[in-house]
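In what follows, a structure is listed as structure tokens, so that the remarks can point back to it.
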Amino acid sequence: MQKSFWEVGHKPTLFSAFFYFDLSFMVWVMLGPLAVQIAADLQLNPAQKGLMVATPVLTGAILRIVMGVLVDQLKPKKAGLIGQVIVIAALITAWLHGIHTYQQALLLGVFLGFAGAAFAVALPLASRWYPPEHQGTALGIAGAGNSGTALAALFAPGLALAFGWNNVFGLALFPLTLALVVYILLAKDAPDAPAAKSLSQYLAVLKDKDAWWFMFFYSVTFGGFVGMASSLTIYFHDQYGLDPVHAGYFTAACVFAGSLVRPFGGLLADRIGGIRSLSTMYVLAAIFLFILSFGMQTQAAGLAVVILAMAALGMGNGAVFQLVPQRFRKEIGVMTGLVGMAGGVGGFYLASSLGYSKQLTGSYQIGLTIFAGLAIVALVGLSSVKNRWRTTWGAATVTSAKI
């Protein structure tokens, strides 16, 4: 008889993975909610603002590969400890020495990328404790740490107004230190972790075309989510004239929608199959992003459409990571790094393209329209592989999970 989700796995590890992931994501994108105030002090143009908020996303993407390798070589817990110490050291430096130039802001963004790489640690840490039929739910819960991006949008602009934006880097150290303590006390590596692989074995994963498909699929769902999360404070400020604090509240509402539905995306994928769930989310994301590209006339309408787009992307994230462990269970560490990297690259593209779209045309329409088109391309790609997936590694005779 199949056990329920709550009868299997290791709940303290699942919670600590979520908490570490959540607060890491909070600081990963914190330059976005602070961008309006930083840009005013450093006199940045729209393209520079876009690149500043996109830099942590890009470096986080690249570092996910590094952290994915460390996860397999050192195990997830030790790899996570290294990442957290680096992020805390970077924030202490920024807080004590200050950010006085555009280049220094970009340099801080590079180190905040280590926080974004938490993805490549938290998910394998949780995944290795759970059987195939509960992967979607477990990774959906751990992956709900995406909600940390909402915390940054909710609190950072107000704290910057009260204490100055540079002191926000120091204030962020308190919750980060708490997360580090919880992680040390509760997180535990699964006993049946796969053996570490050689470099050639890592590269061999890239010879599998399914790896590239998953990287592309996640570059659209997660790329859309994090790219929007990094840019929305600027978007609501520019589009509707909101001050930084209220633009942050709007952003927080959108990001909460996208992150809190991620577990439901995983749960839905467990129930009806990851392919069917992901296909539906691509259609919905493309529709709402395309509508948004025309620019809603009112704040309420703009907020509603962004929330719907973010919810579709967030559920799509959960669906992708219901499928990945089924296909690459033995390579889950490096695959989480690779797929996560692709997601970050998608986010970098979207955040920077929105900045350049605004700089060159005066609106965000081109950037949003192209990304809506990418969702349709992903849908076509998923349709082209679904029959093969369902009759090979996803067949009922191979796995108990619904593909």
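A few comments on the model shown:
- Across the stretch 249-261, the qualifying residues are those that are touching a Phe, Trp or Tyr at 6+ places or on another chain (Cβ under 8 Å) and modelled with pLDDT of 90 or more, and the one among them that is surrounded by the fewest Cβ atoms within 10 Å (Cβ to Cβ) is Phe250.
- The listed residues are Gly302, Gly248, Gly333, Gly265, and the only one of them that is assigned to a helix (DSSP H, G or I) and under 16 Å from the mean Cα position of the chain (by Cα) turns out to be Gly265.
- Single residue of the stretch 138-159 satisfying the filter (over 17 Å from Arg262 (Cβ atoms) and open to solvent by 10 Å² or more (accessible area, probe 1.4 Å)) that is modelled with the highest pLDDT: Leu159
- Filter pass, Ile307 being in contact with a Cys (Cβ under 6 Å, 6 or more places away or on another chain) and modelled with pLDDT of 90 or more: yes
Here is a yes/no grid of residues against (1) modelled with pLDDT of 90 or more; (2) in a helix (DSSP H, G or I):
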| site | (1), (2) |
| --- | --- |
| Met1 | no, no |
| Gly9 | no, no |
| Pro12 | yes, yes |
| Leu31 | yes, no |
| Ile65 | no, yes |
| Gly68 | no, yes |
| Val71 | no, yes |
| Gly80 | yes, yes |
| Leu108 | yes, yes |
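- Test result for Leu242, assigned to a loop (DSSP other than H, G, I, E, B), touching a residue at least 12 places away in the same chain (Cβ under 8 Å) and open to solvent by less than 40 Å² (accessible area, probe 1.4 Å): yes
- In the condition set (1) at pLDDT below 95; (2) open to solvent by 10 Å² or more (accessible area, probe 1.4 Å), Leu96 is compliant with all but (1).
- Boolean, Ala351 is open to solvent by less than 50 Å² (accessible area, probe 1.4 Å), within 21 Å of the chain's Cα centre (by Cα) and closer than 26 Å to Arg271 by Cα: no
- Within the stretch 269-294, if we keep just the residues that are modelled with pLDDT under 90 and over 19 Å from the mean Cα position of the chain (by Cα), the residue that is least open to solvent (accessible area, probe 1.4 Å) turns out to be Asp270.
- Candidates in the stretch 370-399 are the residues that are assigned to a loop (DSSP other than H, G, I, E, B) and of a type in the set (Val, Ile, Thr); of these, the one that is modelled with the highest pLDDT is Thr392.
- Flag if Phe119 is of a type in the set (Phe, Trp, Tyr), open to solvent by 50 Å² or more (accessible area, probe 1.4 Å) and either modelled with pLDDT under 95 or more than 16 Å from the chain's Cα centre (by Cα) (or both): no
- Filter result for Asp72 (in contact with a Ser or Thr (Cβ under 8 Å, 6 or more places away or on another chain) and charged (D, E, K, R)): no
Residues are listed down the side, and each one gets a yes or a no for (1) touching a strand residue (DSSP E or B) at 6+ places or on another chain (Cβ under 8 Å); (2) open to solvent by less than 20 Å² (accessible area, probe 1.4 Å); (3) among the aromatic types (Phe, Trp, Tyr):
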position: Leu63; (1), (2), (3): no, no, no
position: Leu81; (1), (2), (3): no, no, no
position: Gln103; (1), (2), (3): no, no, no
position: Phe114; (1), (2), (3): no, no, yes
position: Gly136; (1), (2), (3): no, yes, no
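- Look at the stretch 206-230: where a residue is within 18 Å of Glu331 (Cα to Cα), no partner that is open to solvent by 10 Å² or more (accessible area, probe 1.4 Å) and outside any helix (DSSP H, G or I) sits 6+ places away or on another chain with Cβ atoms under 6 Å.
- Residue in the stretch 207-214 that is exposed (fewer than 13 other Cβ atoms within 10 Å of the Cβ) and at pLDDT below 95 present: yes
- Output for the stretch 181-192, where each listed residue is part of a helix (DSSP H, G or I) and surrounded by fewer than 19 Cβ atoms within 10 Å (Cβ to Cβ): Val181, Val182, Ile184, Leu185, Leu186
- Some residue of the stretch 360-383 being over 18 Å from Ile287 (Cβ atoms), open to solvent by 10 Å² or more (accessible area, probe 1.4 Å), more than 22 Å from the chain's Cα centre (by Cα) and small (Gly, Ala, Ser): yes
Here's the yes/no breakdown for (1) modelled with pLDDT of 90 or more; (2) under 30 Å from Asn387 (Cα atoms); (3) open to solvent by 10 Å² or more (accessible area, probe 1.4 Å):
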{"site": "Ala247", "(1), (2), (3)": "yes, no, no"}
{"site": "Pro263", "(1), (2), (3)": "no, yes, yes"}
{"site": "Gly314", "(1), (2), (3)": "yes, yes, no"}
{"site": "Arg327", "(1), (2), (3)": "no, yes, yes"}
{"site": "Met341", "(1), (2), (3)": "no, yes, yes"}
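- Every pair of residues 6+ apart whose Cβ atoms lie under 7 Å, when the first sits in the stretch 120-137 and is aliphatic (A, V, I, L, M) while the second is in a loop (DSSP other than H, G, I, E, B) and crowded, with 24+ Cβ neighbours inside 10 Å: Leu125/Ala187
The values are calculated or read from the model by the stated rules, or taken from the named source; none is laboratory data. Treat the numbers as computed from the prediction; the structure is a model and nothing was measured. A quick note on method: Cβ atoms are made from the backbone with ideal geometry, for glycine too, and the neighbour counts reach across all protein chains shown. Remember, those area values only see protein heavy atoms, side chains included, never the ligands or the DNA or RNA. Shrake-Rupley method; radii C 1.70, N 1.55, O 1.52, S 1.80 Å.
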